[in-house]
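The values are calculated or read from the model by the stated rules, or taken from the named source; none is laboratory data. Worth saying up front: this structure is predicted, and the values here are computed from it rather than measured. Every residue, glycine among them, receives a Cβ derived from its backbone with ideal geometry; neighbour counts consider all protein chains shown. Only protein heavy atoms, including side chains, enter the accessible area calculation; ligands, DNA and RNA are left aside. Shrake-Rupley method; radii C 1.70, N 1.55, O 1.52, S 1.80 Å.
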Amino acid sequence: MIEWQWRDFDGIPGRDLYELLRQRQDVFVLEQQCLYPDLDGYDQGAHHLLGWRNIGGKRELAAYLRCIAPGVKFPEMSLGRVLTTAAARGIGAGRLLVAEGVRQAELQHPGHRIRIGAQAHLEQFYAGFGFQTISAPYEEDGIAHIDMLR
């Protein structure tokens, strides 16, 4: 079972913030070998979805994404930094994360579309949540991406 928390930046306790930033580094910088500025100035104004699970009495981050308000980065709201931690892969956490992220984002910003910059190999995964491809593939940090809109 995953416990979801939807928080603005100032509402994230310090230990939780450290863990989500550590996991973003582990997944995007180390695993995917992408050298890019993860701390891009959007976190402070975003809402963050953290998915926690209890393993052997220890609370662990299983999944995470952030939601940027419409008009800040794109005309639409956007979801990004979508990740499932290595320890939580294979249990369906990614599907639960995107479903909960879309739900929370639509509650936070009703009536607005959602944009994502998806890794191209995940196109069908995101299409299952109603996202449609709106761009040709492009390279970002050495990985093929596409823009999608819901």
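Computed from the C-beta positions of Ser135 and Glu31 and an R0 of 22 Å, the FRET efficiency is 0.35 to the nearest 0.05. Given Cα pairs under 8 Å that are at least 6 residues apart, what percent is the relative contact order of the stretch 1-51? Here the relative contact order equals 71 percent.
Note: the stretch 111-150, Cα convex hull, 54 Å³ per residue. Among the protein heavy atoms of the chain, carbon and sulfur supply 51% of the accessible surface, probe 1.4 Å, non-protein parts ignored. The charge dipole of the stretch 90-146, taken about its Cα centre with unit charges on the Cβ atoms of Lys, Arg (+1), Asp and Glu (-1) only, comes to about 260 debye.
If you plug the beta carbon distance of Asp10 and Asn54 into 1/(1 + (r/R0)^6) with R0 = 25 Å, you get a FRET efficiency near 0.45. For n ≥ 4 DSSP H runs only, could you compute -39500 (n - 2.57) per run for the chain, divide by its residues and tell me the 222 nm figure to the nearest 500? Per the formula, -6500 deg cm²/dmol.
Here is the list for the stretch 1-93: trypsin sites (Lys or Arg not before Pro) lying in DSSP coil, each with at most 13 other C-beta atoms within 10 angstrom of its C-beta, are Arg89.
Scalar couplings 3J(HN,Hα) for the stretch 59-72, obtained by applying the Karplus form with A = 6.51, B = -1.76, C = 1.60 to θ = phi - 60°, are 7, 10, 6, 9, 7, 7, 7, 10, 10, 9, 4, x, x, 8 Hz; x denotes Gly and Pro.
Shape class for the stretch 61-150: oblate, because the ratio a/c of the largest to smallest gyration tensor axis (alpha-carbon atoms, square roots of eigenvalues) is 1.5 or more and b/c is at least a/b. Heavy-atom accessible surface of the stretch 30-133, averaged per residue, reaches 51 Å², computed with a 1.4 Å probe.
Ordering Ile114, Leu49, Pro75 by the projection of their Cα atoms onto the charge dipole of the chain, which places +1 on the Cβ of Lys and Arg and -1 on the Cβ of Asp and Glu, puts Leu49 at the extreme positive end.
For the chain, with equal point scatterers placed on the C-alpha atoms only and solvent neglected, what are the log10 I(q)/I(0) values from the Debye formula at q = 0.13, 0.15, 0.17 1/Å, to two decimals? Computed log10 I(q)/I(0) values: -0.56, -0.77, -1.02. Taking the Cα centre of the stretch 1-106 as origin and assigning +1 to Lys and Arg Cβ atoms and -1 to Asp and Glu Cβ atoms, the resulting dipole is close to 300 debye.
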